[in-house]
Amino acid sequence: MVSIPGWAYIIIGVGISWYSWFVNKATYGSGGNPVMKVFFWLGVLFIFIGVAKIAAARFLRKTDPGESALSNTLAPRQPIRQQSVVLCPYCKGKTYGHGNFCHRCGGRLR
Ligand SMILES: [Zn+2]
């Protein structure tokens with residue numbers, strides 16, 4: 001269940017609800033069949049689950065502090081090779097071009 005992406009839920013939900021609605025209209029007329037109505041709402045539920053999954057994934061990705069916190073803690077430990085000197089775009093100071101971060105302000109160089 002976790003491995004199924006949100007868009008798959010939406011496609012399944014649209015398929016179930018559209019098919020049950022279509023079959024309901026075609027077979028039972030405007031009155032409808034309660035069993036088909038259950039299938040229709042099941043499809044709507046699947047669409048909601050899919051939308052919720054996509055929204056949750058976006059929310060988690062946006063607020064995930066893992067990458068920035070990790071690179072901040074790793075930055076001072078990176079070996080500094082004094083081979084080329086570049087100007088840091090953040091603090092305008094000279095720093096070493098082979099590091100990923102400015103050794104003065106910690107700004108990301110690449
Ligand atoms: Zn800097």
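So how many residues does the stretch 25-59 have that are in a helix (DSSP H, G or I) and among the small types (Gly, Ala, Ser)?
Count: 7.
Would you confirm whether or not the stretch 43-56 contains a residue that is under 30 Å from Arg108 (Cβ atoms) and either in the same structural domain as Arg108 (by TED's automatic domain parsing) or modelled with pLDDT under 90 (or both)?
No.
State all residues of the stretch 58-110 that are at pLDDT below 65 and in contact with a Gly (Cβ under 9 Å, 6 or more places away or on another chain); if no residue qualifies, say none.
Asn72, Ala75, Pro76, Gln78, Pro79, Ile80, Arg81, Gln83
Select from the stretch 90-102 the residues that are in a loop (DSSP other than H, G, I, E, B) and more than 8 Å from the ligand (Cβ to nearest atom) and list them in ascending order.
Across the stretch 90-102, the qualifying residues are Gly97, His98, Gly99, Asn100.
The values are calculated or read from the model by the stated rules, or taken from the named source; none is laboratory data. None of the values given here were measured: they were computed from a predicted structure. Reconstructed Cβ throughout: ideal geometry from the backbone, glycine too, with neighbour counts over all protein chains shown.
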